[in-house]
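Enquirer: Structure below; questions to follow.
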Amino acid sequence: MTIPDDKFFRAEVSKRVDFAPDLWMFRIRSGGEFHFVPGQYATLGVEANGKRVERPYSIASSPSENEVEFFFELVPEGALTPLLHKLQPGDQLLMRKIPKGKFSLDTQNGRTNHLLISTVTGVAPFVSFVRTLHKDWKEGRFDGTHKLYLLNGASRPWEFGYLDELNHFDKELPWFKYVPTVSRPWDHSDWPGEIGRADDILRKYADHWELEPSNTMAYLCGHPDMIEHSKAILKRRGFTDKGAVKEEVYWIPAHK
């Protein structure tokens, strides 16, 4: 199959880190100019059996980095992740030249608190937010007026691909708070953090951080059940303005 070069980069995997058998990170050299806003996604593709398989993936890197980073979860019956899972550094894949998505940090509506709620790979756009603001903070372009509060849910501790990095940012940055929480802690007695799903601890931390609809934007990214539960909790807290809640669903559940 011939690929129109004007729409795709023939990108190359430059680095791979496996967090678990079904969770891994790629850094990718696009091979050309790729401009995006933190929170956007890139469309990746692989050619297999004469067909091109494509899917969108949120970007975890900052626009200032010279490679583009992604956090993947293997879906065994999925169309693309089994193909991506086979790739190693030096292998090529397709990447559309134009990023898409509007899941960006809204700093223009008067709300200065940003509540970020994610499950597993849904943390990727939030990593991009924090990396970008960290660089701006260090270089004097961000004054810390906007504050980020990240709740990051997973079943088990090893599903936090960015745990160390985000804990480090939490300690270093006065405008960033990070709370990882594990919903299946019984095999991990040494887990020191919160227990429960991200939406289970949402009320507690919204109260603790004094996050109200008048001063807070909410961003939900990851599992559709988490998003629906969190939206319901936020609605009961008064987050009824559609503009106050953004969501990025990572897959659509099958209708039962």
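Enquirer: Exactly one of these conditions fails for Pro63: (1) touching a helix residue (DSSP H, G or I) at 6+ places or on another chain (Cβ under 9 Å); (2) closer than 17 Å to Arg131 by Cα; (3) assigned to a strand (DSSP E or B). Give me its number.
Expert: (3)
Enquirer: While we're looking at this one, here's another question. Against the conditions (1) in contact with an Asp or Glu (Cβ under 9 Å, 6 or more places away or on another chain); (2) crowded, with 18+ Cβ neighbours inside 10 Å, where does Arg156 fall short? Just the number, please.
Expert: Going through the list (1) in contact with an Asp or Glu (Cβ under 9 Å, 6 or more places away or on another chain); (2) crowded, with 18+ Cβ neighbours inside 10 Å, Arg156 breaks only (2).
Enquirer: Given the criterion in contact (Cβ under 8 Å) with a residue 24 or more places away in the chain, assigned to a strand (DSSP E or B) and either touching a Phe, Trp or Tyr at 6+ places or on another chain (Cβ under 7 Å) or not β-branched (Val, Ile, Thr) (or both), identify the matching residue among Ser104, Ser14.
Expert: After ruling out the rest, the residue left standing is Ser14.
Enquirer: Could you look through region 162-212, keep only residues that are free of Cβ contacts under 8 Å to residues at least 24 places away in the same chain and in a strand (DSSP E or B), and pick out the one that is surrounded by the most Cβ atoms within 10 Å (Cβ to Cβ)?
Expert: Glu194
For every residue, the table says whether it meets (1) in contact with a strand residue (DSSP E or B) (Cβ under 7 Å, 6 or more places away or on another chain); (2) within 30 Å of Gly31 (Cα to Cα).
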{"position": "Pro82", "(1), (2)": "no, yes"}
{"position": "Ile117", "(1), (2)": "yes, no"}
{"position": "Ala124", "(1), (2)": "yes, yes"}
{"position": "Leu151", "(1), (2)": "yes, no"}
{"position": "Leu166", "(1), (2)": "yes, yes"}
{"position": "Val182", "(1), (2)": "yes, no"}
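Enquirer: Of all residues in region 54-90, which are small (Gly, Ala, Ser) and either farther than 21 Å from Phe34 by Cβ or surrounded by fewer than 18 Cβ atoms within 10 Å (Cβ to Cβ) (or both)?
Expert: Selection gives Ser64, Gly78, Ala79, Gly90.
The numbers here are math on the coordinates, done by the rules we state, and not lab data. Being a predicted model, the structure only gives us computed values, none of them experimental. All Cβ positions, glycine included, derive from the backbone under ideal geometry; neighbour counts span all protein chains shown.
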